[in-house]
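A quick write-up on the structure given underneath.
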Amino acid sequence: MARMKFLCDVERCIECNGCVTACKNENEVPWGVNRRRVVTINDGIVGAEKSISVACMHCSDAPCMAVCPVDCFYRTDEGVVLHDKDLCIGCGYCFYACPFGAPQFPQAGAFGLRGKMDKCTFCAGGPEKDLSKEEWQKYGSNRLAQGKLPACAEMCSTKALLGGDGDVIADIYRQRVFKRGKGSEVWGWGTAYGKPDQPRAPAAGAKS
Amino acid sequence: MIALRKVVLAGAALFVALGLGACGERDQVTVYKQGKYQGKPDTKPWDNDPAAAIYTTSKWDKGSQTSWEAAVKTRSLTQNEYTRAE
């Protein structure tokens, strides 16, 4: 297996926020913490509005891991970036380092209280016994230990959000792009992760 | 008198031993090593019993990374509706 990745197809995302709701429900994430959110650009401009679902991208060279002063991050064999909340001191360095704004900090109290960092776990739990009460309370659901994929991707109604092994979801996305009559040059995934593509002629009558 | 003295001495020795035993010193701060994960080890998803998971169709051999990956890959491919529709 390569690495677990998310891929959001902006041509399909309809900004329903179902992924956000699924994540909240699956992991019982508290108010003020959004492990996943939908970002919309050109909001309201006809033809130019695009939405994308964003969470921790489980970077192969994660900047949060690099800046953490207490080294509480680790990467699993499946390429999922997780952290130990028992070690986290809630300093917020990872938030500044992350280009996606993935690290979240619960602010339940007064005076700007900032708790330990919380982020998307790819529904892989954390460094506690799998499927235990402790793991659930600290990190939420562990669907990978049940042979499942992240709830956000599995329930996406338009299948805009794909989750799983990077090679597999890249192949799914590539097939879609070809069906649309485009090549993988429309986006950089093929260059970054995929196999060398054979140049193909657009299908007759294909729409953009 | 001598017996009482022995009892008192034995009691005192026991008290000292127990008292000092509670004074063991252990590190109260984590000693960090730069660039290395300092937290608890995590378990592998394939080490879980697939029968323990409810509402899942994935089946794998407990402890087998290969079969777990195959199960997850099969599940991943269900996200491709082109293969389901055609």
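Every read-out reported here was derived from the displayed coordinates using simple, explicitly stated rules and does not represent laboratory data. Model, not experiment: these values are computed from the prediction. Note: ideal-geometry Cβ built from the backbone for every residue, glycine included; neighbour counts use all protein chains shown.
Could you tell me whether A:ILE52 is closer than 18 Å to A:CYS23 by Cβ, surrounded by fewer than 19 Cβ atoms within 10 Å (Cβ to Cβ) and free of Cβ contacts under 8 Å to residues at least 60 places away in the same chain? Yes; evaluated as a whole, the condition is true for this residue. If you go through the range B:63-86 and keep only what is of a type in the set (A, V, I, L, M) and within 9 Å of another protein chain (Cβ to nearest Cβ), you end up with B:ALA71, B:VAL72, B:LEU77. Residues in the range B:33-48 that are closer than 17 Å to A:SER141 by Cβ and either among the acidic types (Asp, Glu) or more than 8 Å from chain A (Cβ to nearest Cβ) (or both): how many? Of the residues in that region, 1 qualify. Within the range A:12-27, identify whether any single residue is outside any loop (DSSP other than H, G, I, E, B), in contact with a Ser or Thr (Cβ under 6 Å, 6 or more places away or on another chain) and hydrophobic (A, V, I, L, M, F, W, C), and answer yes or no. The answer is yes, given that some residue of the range A:12-27 is outside any loop (DSSP other than H, G, I, E, B), in contact with a Ser or Thr (Cβ under 6 Å, 6 or more places away or on another chain) and hydrophobic (A, V, I, L, M, F, W, C). Screening the range A:1-43 for residues that are among the polar types (S, T, N, Q) and within 22 Å of A:ARG143 (Cα to Cα) and picking the one that is farthest from the other protein chains (Cβ to nearest Cβ) gives A:ASN34.
Could you tell me whether A:PHE95 is away from chain B (no Cβ under 14 Å), of a type in the set (Phe, Trp, Tyr) and free of Cβ contacts under 8 Å to residues at least 40 places away in the same chain? Yes, satisfied.
In the range B:51-62, of all residues being under 16 Å from A:ARG143 (Cα atoms) and more than 9 Å from chain A (Cβ to nearest Cβ), the one that is nearest to the chain's Cα centre (by Cα) corresponds to B:LYS62.
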